[in-house]
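Structure record follows, encoded as structure tokens.
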Amino acid sequence: MERRAFLMATGGAATIAGCTTGGNTEEENGDVEYADDREASIEIADSTVIGASDDNVADPWLQVDVENGTDVPHGGIRIESEVLDDDGTVLASNEHITSYLPPETTLRYFHEGAFEMDEFDSLEHDVTDAHAQVRSTKLEDITVTNTSLSAGGDLINVVGDLDLADSDHDRVVVIAPIWDEAGRLRGTGTYIENSPTESFEFSADSSGFRAPGGAEPIDSYDVYAFDGFP
């Protein structure tokens with residue numbers, strides 16, 4: 001997978017431009033097909049609590065790595081995480097949603113916790129929703145142009161223009177996987193266009209992208225389109 005990214009800091013926010021699937025924003029998007037009966041699988045590969053003393057931040061952070069080790073894409077996931085003390089009391093809980101995991105990909109996400117490190121004992125994770133098969137069709141005959149990414153605070157947003165060769169769809173769902181400098185997936189932006197015309201602007205955004213000071217910075221993104229939610 002080829003990616004291009006140009007990072008420019010602007011007053012506490014970041015702007016990244018010029019990256020889509022295929023490695024060229026002017027070319028058609030995607031060229032990989034998967035058999036309908038194949039399934040991906042995910043697992044929680046690692047999780048840890050990063051203490052305030054480790055990263056010079058006010059509160060601890062929960063870091064979770066989720067792996068799709070298969071060679072087929074995985075659809076949307078929802079994971080609930082709990083921080084427990086030694087009595088099993090829940091100190092903090094969070095939910096993470098990612099719309100799409102490409103093949104052989106590690107997703108890393110963070111949550112800031114409001115609990116005392118000396119009370120922390122263990123972590124528990126529950127995958128409450130996971131689609132081992134992508135539920136929709138990836139649209140191959142599209143053109144994506146004029147893309148850019150802006151990030152500020154907890155929100156990230158990939159914008160651009162999308163042209164459809166065939167606009168005969170009830171809706172188009174644009175998914176923007178966001179990658180850090182280490183090549184890990186950090187989450188996805190999502191945009192829904194109902195009753196699409198041949199050309200439309202998209203704004204694929206998502207919250208949940210805040211991270212502790214030691215985390216690898218956001219580096220690049222891709223753009224995919226589906227005829228429904230993955």
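The values are calculated or read from the model by the stated rules, or taken from the named source; none is laboratory data. Nothing here was measured: the structure is a model prediction, and the numbers come from that model. Ideal geometry is used to build each Cβ from the backbone, glycine not excepted, and the neighbour counts take in all protein chains shown. Please note that ligands, DNA and RNA were not included when accessible areas were found on the heavy atoms of the full protein model with its side chains. Shrake-Rupley method; radii C 1.70, N 1.55, O 1.52, S 1.80 Å.
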Handout entry: Cα centroid separation - segment 73-112 against segment 178-205, whole Å
Key = 20 Å
Exercise for the section: Between residue 59 and residue 192, take the C-beta separation as r, use R0 = 41 Å, and let me know the FRET efficiency to the nearest 0.05. Expected result: 0.80
Exercise for the section: Report the FRET efficiency, 1/(1 + (r/R0)^6), for residue 140 and residue 89, where r is their Cβ-Cβ distance and R0 is 45 Å, rounded to 0.05. Expected result: 0.35
Problem - Accessible surface of segment 138-226, 1.4 Å probe, proportion on carbon and sulfur as whole % - result: 38 percent
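Where only protein heavy atoms count, and the probe is 1.4 Å, what is the accessible area per residue for segment 42-131 in Å²?
With the other protein chains kept in place, segment 42-131 gives 46 Å² per residue.
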Problem - Cα convex hull of segment 42-131, projected area averaged across orientations, nm² - result: 5.7 nm²
Fill in the blank from the handout: Note to self: with every protein chain in place and a 1.4 Å probe, segment 138-226 gives an accessible area per residue in Å² of 39 Å²
Exercise for the section: Take the solvent-accessible surface of the protein heavy atoms, probe 1.4 Å, and return the percent of it on segment 42-131 that carbon and sulfur atoms account for. Expected result: 35 percent
Completion exercise
Taking r as the C-beta separation of residue 47 and residue 155 and R0 as 41 Å, the FRET efficiency to the nearest 0.05 is 0.95
